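K.L.:
Next up is a structure, given as structure tokens.
The values are calculated or read from the model by the stated rules, or taken from the named source; none is laboratory data. No experiment lies behind these values; they were computed from the predicted model shown. Please note: Cβ atoms are built from the backbone with ideal geometry, for glycine as well, and neighbour counts cover all protein chains shown.
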Amino acid sequence: MSTFINELPKVELHLHIEGTLEPEMVFALARRNGITLDYADEGALKAAYDFKDLQSFLDVYYQGMQVLLTEQDFFDMTWAYLERAHAERVRHTEIFFDPQAHTDRGVPLAAVIGGIHRALEQARQQWGLSSRLIMSFLRHLSEESAFETLHHAEPFRHQLSGIGLDSSEKGNPPSKFVRVYAAAREQGFRLVAHAGEEGPPQYIHDALDLLKVERIDHGVAAVHDRHLMERLARERIPLTVCPLSNLKLRVVEHMGEHPMLKLLHAGLCVTVNSDDPAYFGGYMNANYQALQQGLGATDGELLQMALNSVEACWLSPEEKAVLTREVRAYGEAAGIKLKH
């Protein structure tokens, strides 16, 4: 891996914290909580990571998080990710979590948010690693369930920055969640949604027009809709793209056909993220490396994507300005001249 990628200051905007559960931690938490897993050992669990599509991943993903029961479990999981993120020069991270996947198992929402937030706060104090927490609704469940989750989250409103939408995209269009997104918007939440990963470009249109989101998670299907591409570029709607995830879930068959550079050169605000790194083979550095080695992305293109991530994040304008200067200075020291 290039030194340029290793030392590049980064922002991550699309990270499912439950997707950072490495097999070793899955088994450690299972032992701690007296849970018997369906896999004999870490190797057998890793062997199950041969995914055919999004649903085949989700089946393993939801099974893995069964080991999360206590606030300490959620702290330990989050802290392990933050340690790795800090080591990979991540300066700011915006993290998804799936409350319904835990509360439906009887885990109190206070334990989920309490453990995650405590780790985020410790990282801020220890390293200056800033963060935002995004509560995601599971789109394969009903809008009524999402409304219940939004209501139960009211006591934790000050710890939550935004609302997201994830899980099975096929058959679960954005239109299913119009009312709950309107309610979340009225409560002051910032809004994002997964769209255009396995779903069609129309889902991206609908997420923007019906759900009123400000950022699209994934969004790679936009490459098939010229008018949508033009809109995303014109309105500077960020896409939180996850290269290794797209490869692992067969959105693309090989990295050489990934649309990242086509989107970038069309003027879109594309960003690099790791999605569910424990399952997809890499955290932030590995995703940048995949674009470099598999797609031929130059250091200048990677630097532009890092700057896009700062632009797309939810830090204050003053904090963004500081981080932008840091990323630009890093690029200038590496001899990279940006167009703007």
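K.L.:
Before we move on, is Arg226 touching a strand residue (DSSP E or B) at 6+ places or on another chain (Cβ under 7 Å), of a type in the set (Lys, Arg), surrounded by fewer than 23 Cβ atoms within 10 Å (Cβ to Cβ) and over 29 Å from Gly281 (Cβ atoms)?
P.N.:
When the stated conditions are applied, Arg226 does not pass them.
K.L.:
Need the failing condition index for Ala30 against (1) hydrophobic (A, V, I, L, M, F, W, C); (2) crowded, with 18+ Cβ neighbours inside 10 Å; (3) over 30 Å from Asn308 (Cα atoms), just the number.
P.N.:
Ala30 satisfies every listed condition except (2).
K.L.:
Restricting to region 18-27, and then to whatever is crowded, with 16+ Cβ neighbours inside 10 Å and out of contact with any Lys or Arg (no Cβ under 6 Å at 6 or more places or on another chain), can you tell me which residue is farthest from Ala119 (Cα to Cα)? Break it down into steps so the answer makes sense when it comes.
P.N.:
Taking region 18-27 and keeping what is crowded, with 16+ Cβ neighbours inside 10 Å, we get 18-23, 25-27.
Next, only the ones that are out of contact with any Lys or Arg (no Cβ under 6 Å at 6 or more places or on another chain) stay: 18-22, 25-27.
Working: Glu18: 14, Gly19: 16, Thr20: 14, Leu21: 15, Glu22: 17, Met25: 16, Val26: 18, Phe27: 21 Å.
Out of the qualifying residues, it is Phe27.
K.L.:
Using the structure shown, decide if Lys337 is basic (Lys, Arg), surrounded by fewer than 17 Cβ atoms within 10 Å (Cβ to Cβ) and touching a Gly at 6+ places or on another chain (Cβ under 9 Å).
P.N.:
yes
K.L.:
Now for a separate question. Of all residues in region 260-284 being of a type outside the set (S, T, N, Q) and assigned to a strand (DSSP E or B), which is nearest to Glu42 (Cα to Cα)? Lay out the reasoning, then the answer.
P.N.:
Step one: filter region 260-284 for residues of a type outside the set (S, T, N, Q), giving 260-270, 272, 275-284.
Among the residues that remain, those that are also assigned to a strand (DSSP E or B) are: 270, 272, 275.
Details: Val270: 34, Val272: 28, Asp275: 21 Å.
Here the answer is Asp275.
K.L.:
OK, next. Would you mind finding the one in Ile237, Ile216, Ile204 that is of a type outside the set (D, E, K, R), touching a strand residue (DSSP E or B) at 6+ places or on another chain (Cβ under 8 Å) and surrounded by fewer than 24 Cβ atoms within 10 Å (Cβ to Cβ)? Steps first, answer last, please.
P.N.:
Working: Ile216 fails: surrounded by fewer than 24 Cβ atoms within 10 Å (Cβ to Cβ); Ile204 fails: surrounded by fewer than 24 Cβ atoms within 10 Å (Cβ to Cβ).
Every option except Ile237 fails the conditions.
K.L.:
Filter region 308-330 down to the residues that are closer than 14 Å to Leu13 by Cβ and surrounded by fewer than 21 Cβ atoms within 10 Å (Cβ to Cβ) and list them by number. It would help to see each step written out before you state the result.
P.N.:
Pass one, region 308-330, residues closer than 14 Å to Leu13 by Cβ: 308-315, 320, 323.
Of everything in region 308-330, those that are closer than 14 Å to Leu13 by Cβ and surrounded by fewer than 21 Cβ atoms within 10 Å (Cβ to Cβ) turn out to be Glu311, Trp314, Leu315, Lys320.
K.L.:
Considering only residues that are part of a strand (DSSP E or B) and touching a helix residue (DSSP H, G or I) at 6+ places or on another chain (Cβ under 8 Å), which ones fall in region 127-153?
P.N.:
From region 127-153, those part of a strand (DSSP E or B) are 130-138; that's our starting set.
Selection gives Ser130, Ser131, Leu133, Met135, Phe137, Leu138.
K.L.:
Return the residues of region 1-31 that are touching a strand residue (DSSP E or B) at 6+ places or on another chain (Cβ under 9 Å) and more than 30 Å from Asp59 (Cβ to Cβ); say none if nothing qualifies.
P.N.:
Pro9, Lys10, Val11
K.L.:
I need the full set of residues from region 118-171 which are basic (Lys, Arg) and either closer than 15 Å to Asp98 by Cα or modelled with pLDDT under 95 (or both), in order please. Full working, then the answer.
P.N.:
So in region 118-171, the residues basic (Lys, Arg) come out as 118, 124, 132, 139, 157, 170.
Answer for region 118-171, where residues must be basic (Lys, Arg) and either closer than 15 Å to Asp98 by Cα or modelled with pLDDT under 95 (or both): Arg132, Arg139, Lys170.
K.L.:
Here is a further query. Taking the condition more than 15 Å from the chain's Cα centre (by Cα), surrounded by fewer than 16 Cβ atoms within 10 Å (Cβ to Cβ) and over 22 Å from His194 (Cα atoms), does Arg89 pass? Give the derivation first.
P.N.:
On the way: more than 15 Å from the chain's Cα centre (by Cα): yes; surrounded by fewer than 16 Cβ atoms within 10 Å (Cβ to Cβ): no; over 22 Å from His194 (Cα atoms): yes.
In short, no.
K.L.:
A follow-up question, please. On the given criteria, is Ala110 out of contact with any Ser or Thr (no Cβ under 9 Å at 6 or more places or on another chain), assigned to a helix (DSSP H, G or I) and under 25 Å from Arg139 (Cα atoms)?
P.N.:
Details: out of contact with any Ser or Thr (no Cβ under 9 Å at 6 or more places or on another chain): yes; assigned to a helix (DSSP H, G or I): yes; under 25 Å from Arg139 (Cα atoms): yes.
Here the answer is yes, as Ala110 does meet what is asked.
K.L.:
If you scan region 35-62, which residues turn out to be of a type in the set (Phe, Trp, Tyr) and farther than 12 Å from Lys248 by Cα? Can you show your working first?
P.N.:
The first filter runs over region 35-62 and keeps only residues of a type in the set (Phe, Trp, Tyr), leaving 39, 49, 51, 57, 61-62.
Across region 35-62, the qualifying residues are Tyr39, Tyr61, Tyr62.
K.L.:
Please give the number of the condition Ala297 fails out of (1) of a type outside the set (Val, Ile, Thr); (2) closer than 21 Å to Asp166 by Cβ; (3) surrounded by 20 or more Cβ atoms within 10 Å (Cβ to Cβ).
P.N.:
(2)
K.L.:
Among the residues of region 159-188, write down those that are closer than 13 Å to Arg132 by Cα and within 17 Å of the chain's Cα centre (by Cα). Spell out the reasoning first.
P.N.:
If we filter region 159-188 for residues that are closer than 13 Å to Arg132 by Cα, which is where we start, we get 159-164.
Leu160, Ser161, Gly162, Ile163, Gly164, listed by residue number.
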